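The values are calculated or read from the model by the stated rules, or taken from the named source; none is laboratory data. The shown structure was predicted, so the numbers you read here are calculated from the model rather than taken from an experiment. Neighbour counts run over all protein chains shown; Cβ positions are idealised from the backbone, glycine included. Surface areas here come from the heavy atoms of the whole protein model, side chains and all, with no ligands, DNA or RNA. Shrake-Rupley method; radii C 1.70, N 1.55, O 1.52, S 1.80 Å.
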Amino acid sequence: MYTQALDLPDPQQAQEAPASPADAAGAQAQFDAKIDAERKIEPRDWMPEAYRRTLLRQISQHAHSEIVGMLPEGNWISRAPSLKRKAILLAKVQDEGGHGLYLYSAAETLGTSRDQMVEALHSGKAKYSSIFNYPTLSWADVGMIGWLVDGAAIMNQVPICRCSYGPYARAMIRICKEESFHQRQGFESLMVQMQGTPAQRAMVQDAANRWWWPVLAMFGPPDADSPNSAQGMRWGIKRISNDALRQKFVDATVPQAKILGVTLPDPELQWNEERQQHDYGAIAWDEFWAVVNGNGPCNKERLATRVKAHEDGQWVRDAALAHARKQQARALKEAA
Ligand SMILES: [Fe+2]
Ligand SMILES: [Fe+2]
């Protein structure tokens with residue numbers, strides 16, 4: 001999954017002056033020409049330091065979001081209502097783990113090790129998508145994450161397939177195909193629940209009431225409050241603005257909600273004939289920033305679970321390293 005909310009600036013990094021060495025004027029001109037021609041920038045190409053840092057921040061935040069995003073749904077694997085639903089959910093959560101791994105690899109090409117990125121996440125320095133700090137209270141929440149959260153992720157991520165940085169763009173192509181399955185399985189699960197008992201329908205409606213607004217906030221701050229957007233567009237990292245993506249998502253989701261029979265919890269949500277788009281109500285940005293800054297309902301729990309999983313996995317990493325060393329020693333012996 002997940003989004004520009006992914007590219008929230010790191011205040012520490014933002015203070016550093018973007019350095020473009022004077023003797024790199026030729027390299028800068030070459031870089032600019034490549035961007036203008038829509039050619040990909042590859043890891044060995046010269047790139048401005050600010051471009052490298054922006055991408056590293058965005059890709060690592062994206063990787064962290066995939067990994068932390070496994071937690072709210074992972075909670076439900078042992079409680080899925082049937083073997084079929086359990087198999088689907090297992091596959092989906094495993095996909096998210098895979099997305100995290102591709103993205104860490106893409107970020108590593110920018111010169112930061114995975115250990116450093118994981119450390120930044122675990123110490124609370126690095127951000128991940130705010131949406132995963134909300135709880136999954138019922139089985140309907142699992143379907144809602146697929147339908148709305150993965151649906152929002154697709155809106156955000158399809159344009160990243162055209163990102164100017166080659167490794168990120170290529171990773172996103174496969175990720176988007178898998179996100180599409182995630183969105184559909186969520187919608188289908190909710191459809192079945194909506195054809196069930198009144199209590200099941202009420203459970204789905206309750207989940208929609210809780211997820212709708214946090215999902216709209218996932219697209220990140222309004223364009224007017226996103227001062228770095230223009231630079232991201234110039235560099236071919238960001239292709240469509242936060243507000244434009246949010247609007248596309250609302251317009252795509254309203255008819256789906258109708259098919260499901262779910263009411264989206266916004267009395268101001270209505271079709272605007274003149275704009276040929278939906279109008280929608282005001283987003284509670286104070287809540288968004290509170291969650292981003294560590295004060296959402298599950299921030300502490302998510303991070304603690306993640307750190308514990310990493311510590312519990314230490315023996316696996318040790319064993320894999322010991323095995324690799326043994327194999328290397330054997331190969332050297334055979335070559336001698
Ligand atoms: Fe994903
Ligand atoms: Fe997903």
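Quick notes
- Selected residue (only one of MET203, MET172, MET194 is over 29 Å from GLN270 (Cα atoms) and either away from ligand 2 (no atom under 16 Å from the Cβ) or open to solvent by less than 60 Å² (accessible area, probe 1.4 Å) (or both)): MET172
- Residue within region 29-49 that is at pLDDT 95 or above, surrounded by 11 or more Cβ atoms within 10 Å (Cβ to Cβ) and under 28 Å from LEU303 (Cα atoms) present: no
- A single entry from GLY186, GLY143, GLY220, GLY166 fulfils the requirement of being out of contact with any Lys or Arg (no Cβ under 8 Å at 6 or more places or on another chain), more than 16 Å from ligand 2 (Cβ to nearest atom) and touching a residue at least 24 places away in the same chain (Cβ under 8 Å): GLY220.
- With respect to being assigned to a helix (DSSP H, G or I), buried (at least 24 other Cβ atoms within 10 Å of the Cβ) and touching a helix residue (DSSP H, G or I) at 6+ places or on another chain (Cβ under 8 Å), ILE59 fits the description.
- Among the criteria (1) at pLDDT 95 or above; (2) more than 28 Å from ARG184 (Cα to Cα); (3) in a loop (DSSP other than H, G, I, E, B); (4) not hydroxyl-bearing (Ser, Thr, Tyr), the one PRO267 does not fulfil is (2).
- Odd one out for GLY236, checked against (1) open to solvent by less than 50 Å² (accessible area, probe 1.4 Å); (2) farther than 28 Å from LEU137 by Cα; (3) touching a strand residue (DSSP E or B) at 6+ places or on another chain (Cβ under 6 Å): (3)
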